[in-house]
Every structure is written in C-alpha cells, then in structure tokens.
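Here the structure is laid out as structure tokens; the discussion comes afterwards.
The values are calculated or read from the model by the stated rules, or taken from the named source; none is laboratory data. Quantities reported herein were computed from a predicted structural model and do not represent experimental measurements. No Cβ is skipped: glycine too gets one built from the backbone with ideal geometry, and neighbour counts run over all protein chains shown. These area figures cover heavy atoms from the full protein model, side chains too; ligands, DNA and RNA do not enter into them. Shrake-Rupley method; radii C 1.70, N 1.55, O 1.52, S 1.80 Å.
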Amino acid sequence: QVQLVESGGGLVQAGGSQRLSCAASGRSFSRYPMGWFRQAPGKEREFVATISGSDGNTLYASSVKGRFTISRDNAKNTVYLQMNSLKPEDTAVYYCAARTAVTSSWHPGGYDYWGQGTQVTVSS
C-alpha cells in the first residue's frame, strides 16, 4: 500500500521560512517525478513545484519561483519543499504527490498518489 505522509506545516509569520517533508512508503519513486500542490479555501488545487526522478530537474509556479525550493532524497524516498519569504497568500493546505510516469507534470491529474495534506498558515 502506497502512502505519502507530509509533515512540517504550521503557523509562520510573513517573511519567515518553513520546510515541508513528504515521506513515501510502499514503493520507490526514485525514478519518477514528485510534486507539491496547494489549495486555499474556496480555490482550486494549484501547482507549486515538481522535481524529476532521474536528473533532479525542477519546475516552479511563477508565484513561488525564487522563494521556494523543491528537493528530494531518493535514499529516503522523501521530497522536501523549502519555503522562504513567505507571504499571507501562501496560506493553504499543501499536498505532496507522486507520478508513475517518468515525465514531469504540473497538472494535478497527472499524479497518481497523494498525501493527506498539511496546513501552512502565514500571518501578516
């Protein structure tokens, strides 16, 4: 049974930093892209960042580029999201996701496994 478990969410002040982790179990995703998405109240789930499995190539949403960094540790089957210079508009539930196709995707429909989400709240 595949599970993705996020951790690291919480309350942070604007301008602060937070690091999210997502540990996968049940199968290895070292060859496959993993990504982060977020969903604010009343809004659709949106792409944040993705990282490929083979060469570690990354892709970011324009709203977070330069502030967020996605990384992975294949030995631990874990993906991370380092979030710096946080803004109140970054407040959302953050979800980790994994694909079973080797090409990267920014669309939520392209991911096969999802975590339960972790709340990130940025206060002004």
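Within segment 102-111, is there a residue that is at pLDDT 95 or above and not polar (S, T, N, Q)?
Yes, that holds for at least one residue.
Six or more apart or on different chains, Cβ atoms under 6 Å: show the pairs whose first residue is in segment 84-110 and within 24 Å of G8 (Cα to Cα) and in contact (Cβ under 8 Å) with a residue 40 or more places away in the chain and whose second is charged (D, E, K, R) and open to solvent by less than 40 Å² (accessible area, probe 1.4 Å).
Listed by first residue and then by second, the contacts come to N84/R67; S85/R67; A92/R38; Y94/R38; C96/E6.
Among the basic types (K, R) and under 29 Å from Q1 (Cβ atoms), is that true of R67?
Working: among the basic types (K, R): yes; under 29 Å from Q1 (Cβ atoms): no.
So R67 fails the test.
Might you let me know whether segment 67-83 holds any residue that is of a type in the set (G, A, S) and touching a residue at least 24 places away in the same chain (Cβ under 8 Å)? Show your work before the answer.
Step one: list which residues in segment 67-83 are of a type in the set (G, A, S), which gives 71, 75.
Still in the list and also touching a residue at least 24 places away in the same chain (Cβ under 8 Å): none.
Scanning segment 67-83 turns up no residue that is of a type in the set (G, A, S) and touching a residue at least 24 places away in the same chain (Cβ under 8 Å).
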